[in-house]
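A.B. asks: The structure that follows is given in the form of structure tokens.
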Amino acid sequence: MNRLHTILILATAFVAVFFEAWFDGFRNVLGAQIDFLPALMVYAGVTGGYFTMVLAAGCGGLWFDSLSANPLGASVLPLLLIGLLAHWGRELFSSEHPAAQFFLGTMASALQPLAVLFVLLNLGTLPLLGWKSIWQWVVMAVGGGLFTPVCFALFSRFHQAFDYQPIHETTFRPDREIKRGRA
């Protein structure tokens, strides 16, 4: 299951980055592009191990940076930080509740642009910032928060379809002989 889980997370990260670059509907309607990678890193941090999380942050961040104006590797460290925080705090929240998933996804989606901005400023890059940046930050945070429960439900469906389901033991044994009639 771990290999399949890792492969599904990486494939979803690849498709999410491609979708963000290809689809301009959110950007045209809301004025900001929703980033799906923080929600995916929350899921990877809560359900996966360190290897899955580091691989998802590294590949997802590099794929995202290769299709954006960011320097290559600027998104990797913030995504890894989100995954580590979700992994360390996974016992503190119930991952089955959509409200908890939304809250954690919103916090992660709000933290990721600020962390990328911090990395860009330390690299000497001057990003364009203005009053519209606050609106874009809010849209990214809420959009990522809304995508997080969708991410958990999507992977739950993947696991139902591709993983072996456990067989529940019953009290009935097929090798038991049942005698009928009078004793």
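A.B. asks: W135: accessible area at probe 1.4 Å, nearest 10 Å²?
C.D. replies: Result for W135: roughly 130 Å² accessible.
A.B. asks: On to the next question. Among [x] 91, 32, 30; [y] 48, 39, 31; [z] 55, 37, 28, find the value of Cα extents along the principal axes in Å that was calculated from the structure presented, and write down its label.
C.D. replies: From the options [x] 91, 32, 30; [y] 48, 39, 31; [z] 55, 37, 28, the structure gives [x].
A.B. asks: Accessible area per residue, 1.4 Å probe, Å², for the chain: what's the number? Please list the in-between numbers first.
C.D. replies: Numbers: 11700 Å² over 183 residues.
Here the residues of the chain average 64 Å² of exposed surface.
A.B. asks: Over region 1-65, with every protein chain in place, what whole percent of the accessible area is carbon and sulfur at 1.4 Å, could you tell me?
C.D. replies: Numbers: 2210 of 2980 Å².
It is 74 percent, rounded to a whole number.
A.B. asks: Can I ask one more? Between F26 and L4, what FRET efficiency follows from the Cβ-Cβ distance if R0 is 30 Å, with the result rounded to 0.05? Spell out each step's value before the answer.
C.D. replies: Values: r = 30 Å, r/R0 = 1.00.
Rounded to the nearest 0.05, the efficiency is 0.50.
A.B. asks: I'd like the distance separating the alpha-carbon centroids of region 103-140 and region 16-93, in whole Å.
C.D. replies: 13
The values are calculated or read from the model by the stated rules, or taken from the named source; none is laboratory data. The shown structure was predicted, so the numbers you read here are calculated from the model rather than taken from an experiment. All Cβ positions, even for glycine, are placed from backbone atoms using ideal geometry, and neighbour counts span all protein chains on display. For accessibility, only protein heavy atoms count, side chains too; no ligands or nucleic acids. Shrake-Rupley method; radii C 1.70, N 1.55, O 1.52, S 1.80 Å.
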